[in-house]
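These notes are about the structure you will find just below.
The values are calculated or read from the model by the stated rules, or taken from the named source; none is laboratory data. Note that the structure is predicted; figures quoted are calculated from it, not measured. Note that we place each Cβ from the backbone using ideal geometry, even for glycine, and neighbour counts take in every protein chain shown.
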């Protein structure tokens, strides 16, 4: 493979899962990286942030298949629009009438309680609210906060009224696969995602490693 070529979608994600899916592997990775050395807890970094930092620094060292680190980093940690999420994340869009709606906070807490599962399945908490000022964000589960104009573009794309609360799970191609008018338990997300062909390929690649 040429130096400037990018890996197929599944390959680098499988490597990411292999290196960092379990907390035990995260600890081992950080312990082997002198720059971070598990001191991230003293830096008050979340598990998710520590994982992503270790991915930047250690990906090409710990896993031989990640020698072209820029291929892994082609997907943004916190994408700024739906196009940047495509083939990288499984966005969980949470449309809420306000950033203080208790249902929005409940969904955020559900994801954080099962952060390992969400990281393993690349579920990205993406709140969509009008006039966002104090949007709750997870400590450990993946999340992104879009600019207001991008939030409005997402709302218009899926035709969700401002006063309506709705949770929508998209697949890797940006297609809605699950829509509810209440927070979605993580077990429902896991069960559905695990039936998707790309997720099953991820599991097969991880088993092969």
Among the residues of segment 149-178, write down those that are surrounded by fewer than 14 Cβ atoms within 10 Å (Cβ to Cβ) and free of Cβ contacts under 8 Å to residues at least 40 places away in the same chain. 149, 156, 159, 161, 175, 176
Going through segment 181-209 in order, the residues found to be more than 17 Å from residue 118 (Cα to Cα) and surrounded by fewer than 14 Cβ atoms within 10 Å (Cβ to Cβ) are 181, 182, 197, 204, 207, 208, 209
When every residue in segment 118-144 that is part of a loop (DSSP other than H, G, I, E, B) and in contact with a strand residue (DSSP E or B) (Cβ under 7 Å, 6 or more places away or on another chain) is compared, the one surrounded by the fewest Cβ atoms within 10 Å (Cβ to Cβ) is 137
When you go through (1) within 19 Å of residue 99 (Cα to Cα); (2) touching a helix residue (DSSP H, G or I) at 6+ places or on another chain (Cβ under 7 Å); (3) assigned to a helix (DSSP H, G or I) one by one for residue 151, which number turns out not to apply? (2)
Do we have residue 123 as assigned by TED's automatic domain parsing to the domain that holds residue 181 and either under 17 Å from residue 188 (Cβ atoms) or at pLDDT 95 or above (or both) here? yes
Please state which of the following conditions residue 131 fails to meet, knowing it meets all the rest: (1) without any contact (Cβ under 8 Å) to a residue 40 or more places away in the chain; (2) at negative phi. (2)
